[in-house]
Amino acid sequence: MIMERKWAMSNKWTFRIKPIQDLLMQEINGEFIDPFSGKFSPCKITNDLNLDIPATYHMDAFDFLKQFPNDSVDGVLYDPPYSPRQVKECYDGIQGNIKWNGRATFWSTVKNEIARVVKPGGKVICFGWNSMGIGINRGFVMTRVLLVPHGGAKNDTICTVEIKERAICR
């Protein structure tokens, strides 16, 4: 596994952080989708519940992923809100609010759908404050971790790259 640590200024838009841009240039190949795109996603097929975000779709992430057949995409960028507080800040008051309801299962439900739609040999690149990724139980093996410290009291952004080694039982 490759482990790297590269300092960079923080940015509300994850994909505008230089070391993360570099990682994406190296790791993305084929058709990637982004269920929580925000602004500046490098994917052609993007989704964000917020209508003010320029995205291909404006749906709940789970519903967005449900429209893809099993083993149909080369990869997924998974950059959801990192905490319950961020979910509230990003999506509170938006028409058709996400299936959050304060449940911790929100993230695992979306990860299950991601595991379903990614082809064997495909990648998932995750961003957050932890390095859990999609996980071995969903058929993924971690190949790379990038820690991006932002200095001061700011949390690092942790990026993981995983490859789907096997199809999961459905």
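Across the stretch 38-58, which residue is surrounded by the most Cβ atoms within 10 Å (Cβ to Cβ) among those that are within 14 Å of Pro80 (Cβ to Cβ) and in contact (Cβ under 8 Å) with a residue 24 or more places away in the chain?
Among those that are within 14 Å of Pro80 (Cβ to Cβ) and in contact (Cβ under 8 Å) with a residue 24 or more places away in the chain, it is Ser41.
Just to be sure I understand, how many residues within the stretch 97-129 are at pLDDT below 90 and either more than 19 Å from Asp34 (Cα to Cα) or among the aromatic types (Phe, Trp, Tyr) (or both)?
Number satisfying all stated conditions: 9.
Scanning for something at positive phi and of a type outside the set (A, V, I, L, M), does the stretch 49-64 turn up at least one residue?
The answer is no; no qualifying residue exists.
Does the stretch 68-83 contain any residue that is aliphatic (A, V, I, L, M), at pLDDT below 90 and either assigned to a strand (DSSP E or B) or more than 27 Å from Pro19 (Cα to Cα) (or both)?
No, the stretch 68-83 contains no residue that is aliphatic (A, V, I, L, M), at pLDDT below 90 and either assigned to a strand (DSSP E or B) or more than 27 Å from Pro19 (Cα to Cα) (or both).
Kindly provide the set of residues from the stretch 37-52 that are of a type in the set (A, V, I, L, M, F, W, C), more than 19 Å from Val148 (Cα to Cα) and either modelled with pLDDT of 95 or more or in contact with a Lys or Arg (Cβ under 6 Å, 6 or more places away or on another chain) (or both), ordered by number.
Cys43, Ile45
Name every residue in the stretch 43-54 that is closer than 26 Å to Asn29 by Cβ and under 15 Å from the mean Cα position of the chain (by Cα), in order of residue number.
Cys43, Lys44, Ile45, Thr46, Asn47, Asp48, listed by residue number.
With the structure loaded, tell me whether Gly30 is more than 23 Å from Asp156 (Cα to Cα), among the small types (Gly, Ala, Ser), in contact (Cβ under 8 Å) with a residue 40 or more places away in the chain and part of a loop (DSSP other than H, G, I, E, B) or whether it fails that test.
yes
For Phe62, work out the one condition from (1) in a loop (DSSP other than H, G, I, E, B); (2) modelled with pLDDT under 95; (3) within 19 Å of Phe127 (Cα to Cα) it doesn't fulfil.
Of the numbered conditions (1) in a loop (DSSP other than H, G, I, E, B); (2) modelled with pLDDT under 95; (3) within 19 Å of Phe127 (Cα to Cα), the odd one out for Phe62 is (1).
For the stretch 114-133, how many residues meet the condition of being touching a residue at least 60 places away in the same chain (Cβ under 8 Å) and assigned to a helix (DSSP H, G or I)?
Within the stretch 114-133, residues that are touching a residue at least 60 places away in the same chain (Cβ under 8 Å) and assigned to a helix (DSSP H, G or I) number 2.
The values are calculated or read from the model by the stated rules, or taken from the named source; none is laboratory data. Owing to the predicted nature of the structure, the values given are computational and were not obtained by experimental measurement. Cβ coordinates were reconstructed from backbone atoms using ideal geometry, including for glycine residues, and neighbour counts include every protein chain displayed.
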